[in-house]
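Only one structure is covered here, and it is reproduced in the block below.
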Amino acid sequence: MLTTQSLALIDREVAKYPAEQKRSAVMGALRIAQTEHRYLSNDMIEFVADYLGIAPMMAYEVATFYNMYDLKPVGKHKITVCTNLPCALSGGYTAAHYIKQKLGIGFNETTPDGKFTLKEGECMGACGYAPVMLVNNHAMCSHMTPEAIDKKLAELE
């Protein structure tokens with residue numbers, strides 16, 4: 001279900017922990033699987049669990065607890081806008097509203113062309129740089145004014 005490159009990356013995650021603690025690599029393994037497939041299907045979560053030698057429920061608990069894991073298909077670019085209180089007070093909702101208008105979608109929706117999915121996120125630990133958004137769980141974007149949002153969306157096109 002995963003490429004040999006992804007399995008090698010998971011093996012590298014597993015190697016960070018004592019042999020009897022392979023389950024400690026579950027977050028990294030799920031991230032690697034999601035990066036390859038853009039979301040985690042039930043079959044993929046079970047595959048990762050089997051690969052790590054843990055009960056599937058242990059992997060499901062992690063995948064369903066953390067909002068960085070997507071259990072349904074998302075667009076090529078997942079944009080998560082922080083709307084927690086500090087960001088909200090510093091323009092988080094304004095940024096989110098602007099993105100909704102630009103993309104023509106709401107939270108938890110994907111553009112018809114499959115390019116963008118918009119999510120509402122919890123605190124990202126960058127309150128001093130608000131409003132912030134995260135692109136594909138990897139790239140933090142700060143001070144997201146309408147101009148900065150336009151620039152970032154153009155880069156992602």
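Among the residues of this structure, T94 does not count as one that is β-branched (V, I, T), touching a residue at least 12 places away in the same chain (Cβ under 8 Å) and touching a Gly at 6+ places or on another chain (Cβ under 6 Å). Looking at L118, is it over 30 Å from V14 (Cα atoms), over 13 Å from the mean Cα position of the chain (by Cα) and among the hydrophobic types (A, V, I, L, M, F, W, C)? In short, no. Out of K16, K22, one residue alone is of a type in the set (K, R) and either within 19 Å of K76 (Cα to Cα) or in contact with a Ser or Thr (Cβ under 9 Å, 6 or more places away or on another chain) (or both). It is K16.
Okay, residues lined up against (1) buried (at least 18 other Cβ atoms within 10 Å of the Cβ); (2) touching a Lys or Arg at 6+ places or on another chain (Cβ under 6 Å); (3) under 22 Å from M1 (Cβ atoms); (4) modelled with pLDDT of 95 or more:
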site	(1), (2), (3), (4)
L40	yes, no, yes, yes
M44	yes, no, yes, yes
V48	yes, no, yes, yes
A55	no, no, yes, yes
N67	no, no, no, no
I79	yes, no, no, yes
S90	yes, no, no, no
E109	no, no, no, yes
L118	yes, no, no, yes
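Here V74 fulfils each of the conditions (1) under 14 Å from M27 (Cα atoms); (2) part of a loop (DSSP other than H, G, I, E, B) apart from (1).
The values are calculated or read from the model by the stated rules, or taken from the named source; none is laboratory data. Since the model is a prediction, treat every value here as computed from it, not as a measurement. Using ideal geometry, Cβ is built from the backbone for each residue, glycine included, and neighbour counts are taken over all protein chains shown.
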